[in-house]
Every structure is written in structure tokens, then in C-alpha cells.
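Encoded as C-alpha cells, the structure appears first; notes follow it.
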Amino acid sequence: MNTQSRFRTRALALPAAALVVALGVAGCGARTSDDPGADSSASSASCVDTSGDTVKIGFLNSLSGTMAISEQTVRDSLDLAAEEINADGGVLGKQLEIVAEDGASEPTVFAEKAEKLISSDCVAAVFGGWTSSSRKAMLPVFEAKDSLLFYPVQYEGLEASPNIFYTGATTNQQILPGMDYLKEQGKSKIFLVGSDYVFPRTANKEIIAWAGANDVEIVGEEYAPLGHTDFATIVNKLKGSGADAVFNTLNGDSNVAFFKEYKNVGLAADTLPVVSVSIAEEEVGGIGIDNVVGQLTAWNYYQTVDSPENTTFVEAFKAKFGDERVTSDPMEAAYTSLYLWKGMVEKAESFEVGAIQEAAGGVTFDAPEGTVTVNGDNHHIAKTALIGKIGPDGLIYTEWSSDGPIEPDPFLEGYDWAEGLS
């Protein structure tokens, strides 16, 4: 199946509610571009103005609500990337003009703000989102408007859209390496805990399928609403489950309450380790180092990655936002996303969506995490998997890494046990 056929198939599979959203935002005023680099075949619905010395882009992140603990740092890294790009001459000679919006941790708000950024603010691309619920809410907006979203966070896979570039990990680059690592450590009874929305439920469906093919028993599966703070019942179930490890897909500040309760009942990392896929350096401080020291994480970047590019990135981030600040995987993926978009635009010699989509495959960037390359077939990027341990200083140190960048396989087509999941 070719790329566009795959994308069309996935678009047709959108739920009815999403289709209603898409139809509701289908109109946009037109603006003619005088930019000689602009593609004349651009959709008449686009109102992006590239006739002057600037081009608008949108930043859409939760600066309020339960996800603000995670998403503020993503906004900061986007600001840093934009500042650096502008200082270096901009994109195709144009300075980036930022239009920023707060998604307020609500999927419907993300959809509304995305529509505003595209239709009213006339941005060339939008960067942001965190939860899969926010991404799912925005997807039909970007497809209906034929605009571009750069989504920076690891997610559950089983998705590809011509209008989204996924610069965080997909399933085979984070979740599966996390489970493989637990198996290699002799863990055979896993308890699943997650927030009650798209990402954790889909990720756990994949984990359960993986477990069935790997002689691993899932001894519990529990969910809590986003923002939930009472984990006494779930932690007691965990304690009595016979589990020898936990796979954690909780998001946002629910992690604070979960790990406090985990510690309160006498559980500890050395006897019942937790692998988390949504706790990075920024969240460690909010949860409390004493509550998570020694626990494991699965990501593709840590502040402690030893490379010249990462040293430069960390120093620049701290110089802008303060020595006490830390860097993390989602913010690094967001930072990288802006540079990848720049590379796509410059390769295409155009800000037009179709030209960027055609040019995207093979675009690379020497990112803080290592060199990343865009897969033109599914709009994900190759990434190295890292399992880390949280240290007493609040930083995360690599315990295991893949041999190199893992090609993205969002539909798990390379795994027999995953047949039927998508």
C-alpha cells in the first residue's frame, strides 16, 4: 500500500464525532502570496501569508490544567528553537512570528485553538499537543484544513496522517523496548496502571498482545481519570497482585499522587520497579525525587545524553530559562520538530503543505538525542530507545540503549503478535 493510500485509509477510519469536527471547520479565507518560493498549486483554502519578511507559526500547549506540569517545558523549548532559528536568519529568509495558544488540558479546546490558528491567525504550521486525546481531537481539523501539526510526544501508535509529523516515539521505539527490558530483567508478572484515555488504553492493549507472545502474565490493569489524586485503591490492588514490575502510563500530575501512595504502602523500586513512559526530568521534580528515585523510564532522550549537540542544547536552555531547569524527551522532540520543519521547508523551497509533504522523506537533523531522519511513508522519525533510571539528583541515567535508531513501525506491521490490533 503506498503512502497516500495508507493515509487515506486511516482518515476514513476516523470516528463519526471527529468527522463532525472536521466538517465544522472546513472553510477558510484565502490570501494570495507574493513569495516567489511559494507553490502556486497551494490550496485556495490556505490563508498563510508569505509575502513579507515574516511567516507565522503556531505553538499550542497546555499552560493550565492537569497537563501544565508537562507541557510548559515543551513551550519553552519551542521558544528556544524559534529564537535560535530567527537569530540564524529564519526560514527561507523569513523571520518566524509566533502565535501562542493554551490548550488548557482539554481536547475540545485544542481542536478549537487549532482551528483558530489555521483559519484566523493563518499560521504555516502548528507545533504542540501532548495527550493522545488532544491529538485525536486536532487530527480532523488539520486534515480538513490541509494544514500541518508537529506532535512532539511519544504515543500509542496505530496512526498515520499526511497532516501530522510525529517527532516523539511510536510503540516500537518506546513501549516495546520497555517491555523487552523488563523481560530481560526476569520480570514475568506485570501490573498495568494508566490514565483513562486513548494512549494508556491502546498502549496496554498492545502490551497485553506482546505479553501473550512472550510468556509474561498481566496480573492487573487499572485506570484513573486524568487529574485523579486518590490512588489508595489502585495501589492496594497492585500490592496484592503478585506483580514483580509495573508499567505506568499515567499522565500529568496524577503521577504525584500515585508515587506518593506507592511509597506510603511500603513499595520500593528495588523490589517492585515501575517503568514509566510519561515521567521525564521535568516531572521528577514535581513528583518529588524521594518518591521516584531508582525508578525506571523508557524514552529516547535524557539530559544526561553525552554528545556535543546535547551539551550545546542543555547549555542554551539553561542560559535562557535558568540553571535550575532541566531538559526532557518531549521538549527535545518539540525543539527538534521545529528544526525538522525548517529542513522540510528549505528542501521544498516552499511553505506550501503539499510541497513540504513531498520533501519530508529523508530530512535529517543532528538533534540532541542523536541524528534523526523523517520517514516519508508514515511521517514518524527514526529514534534510539533508552531505558533510564532516576538518580538521587533528579536526573535520569541510561541503563540500556538500542544498538542505534529504530525505524518507526506505528502499525506494528513487523510483529506477528500484533496482527489485528490496528
Candidate aspartates and glutamates for bridging to Lys263, where Cα separation is under 19 Å - those fewer than 8 sequence places away on the same chain excluded: Glu222, Asp230, Asp244, Asp253, Glu283, Asp290, Asp393
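Cβ neighbours within 10 Å, averaged per peptide: list 65-73, 312-320 in order, most packed at the top. Don't skip to the answer; put the middle values down first.
Working: 65-73: 22.7, 312-320: 16.1.
The packing order, highest mean first, is 65-73, 312-320.
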Exposure of Thr271 as accessible area (Å², to 10), given a probe of 1.4 Å and all protein chains: 100
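Classify the range 315-422: rounded, prolate or oblate, from the alpha-carbon gyration tensor (a ≥ b ≥ c, eigenvalue square roots; a/c under 1.5 rounded; otherwise prolate if a/b is larger than b/c)?
The shape class here is oblate.
Greater than 22 Å separation of Cα atoms is the criterion. Which listed pairs, Lys189/Lys239; Lys320/Lys383; Lys342/Lys383; Lys187/Lys389; Lys145/Lys383, meet it? Can you show the working numbers first?
Details: Lys189/Lys239 12 Å; Lys320/Lys383 27 Å; Lys342/Lys383 19 Å; Lys187/Lys389 16 Å; Lys145/Lys383 29 Å.
Beyond 22 Å between Cα atoms: Lys320/Lys383; Lys145/Lys383.
How large is the helix-only mean residue ellipticity at 222 nm for the chain, computed as the sum of -39500 (n - 2.57) over DSSP H runs with n ≥ 4, divided by its residue count, in deg cm²/dmol to the nearest 500? Intermediate results must be reported in sequence, preceding the final value.
Numbers: 14 runs with 163 residues, N = 422.
When only DSSP H runs of four or more count, the value is -12000 deg cm²/dmol.
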For Ile406, distant residues with modelled amide H under 5 Å away: Lys383, Thr384, Ala385
Heavy-atom accessible area per residue - the range 80-237, 1.4 Å, Å²: 31
Calculated from backbone phi, Karplus (6.51, -1.76, 1.60) coupling profile of the range 328-334 in Hz, x at Gly/Pro: 8, 4, x, 6, 5, 5, 5
Amide H contacts of Ile164 (H built 1.01 Å from N, under 5 Å, at least 5 apart or other chain): Leu149
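Report the FRET efficiency, 1/(1 + (r/R0)^6), for Ala100 and Glu315, where r is their Cβ-Cβ distance and R0 is 22 Å, rounded to 0.05. Write out the running numbers ahead of the final one.
Numbers: r = 25 Å, r/R0 = 1.12.
FRET efficiency, Ala100 to Glu315: 0.35.
Antiparallel DSSP bridges in the chain: what percent, to the nearest 5?
Working: 16 of 50 bridges.
Of those bridges, close to 30 percent are antiparallel.
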From phi via Karplus (6.51, -1.76, 1.60), per-residue ³J(HN,Hα) for the range 58-69 in Hz, x at Gly/Pro: x, 10, 10, 9, 7, 9, 9, x, 5, 8, 4, 4
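If a/c stays under 1.5 just call it rounded; otherwise compare a/b with b/c (prolate if a/b is bigger, oblate if not). Do that for the range 148-276, with a ≥ b ≥ c from the square roots of the Cα gyration tensor eigenvalues.
Oblate is the answer for the range 148-276, as a/c is 1.5 or above yet b/c matches or exceeds a/b.
Could you give the size of the charge dipole of the chain about its Cα centre, using +1 on the Cβ of each K and R and -1 on the Cβ of each D and E, expressed in debye and rounded to the nearest 20?
Numbers: 28 positive and 61 negative charges, 197 e Å.
Dipole magnitude for the chain comes out near 940 debye.
Relative contact order for the range 56-99: what is it in percent, counting Cα pairs under 8 Å that are at least 6 residues apart? Walk me through the numbers on the way to the answer.
Numbers: 31 pairs, mean separation 22.3, N = 44.
Here the relative contact order equals 51 percent.
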Carbon/sulfur fraction of accessible area - the chain, other protein chains in place, 1.4 Å, %: 47
Hz values of 3J(HN,Hα) by residue in the range 311-325 - Karplus curve (6.51, -1.76, 1.60), Gly and Pro given as x: 4, 4, 4, 4, 5, 5, 5, 5, 5, 7, 10, x, 4, 7, 6
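Is the shape of the range 184-254 best called rounded, prolate or oblate, per the rule: a/c under 1.5 gives rounded, else a/b larger than b/c gives prolate, else oblate, with a ≥ b ≥ c the square roots of the Cα gyration tensor eigenvalues?
oblate
The values are calculated or read from the model by the stated rules, or taken from the named source; none is laboratory data. Model, not experiment: these values are computed from the prediction. Note that we place each Cβ from the backbone using ideal geometry, even for glycine, and neighbour counts take in every protein chain shown. Note: areas computed on protein heavy atoms with side chains; ligands, DNA, RNA excluded. Shrake-Rupley method; radii C 1.70, N 1.55, O 1.52, S 1.80 Å.
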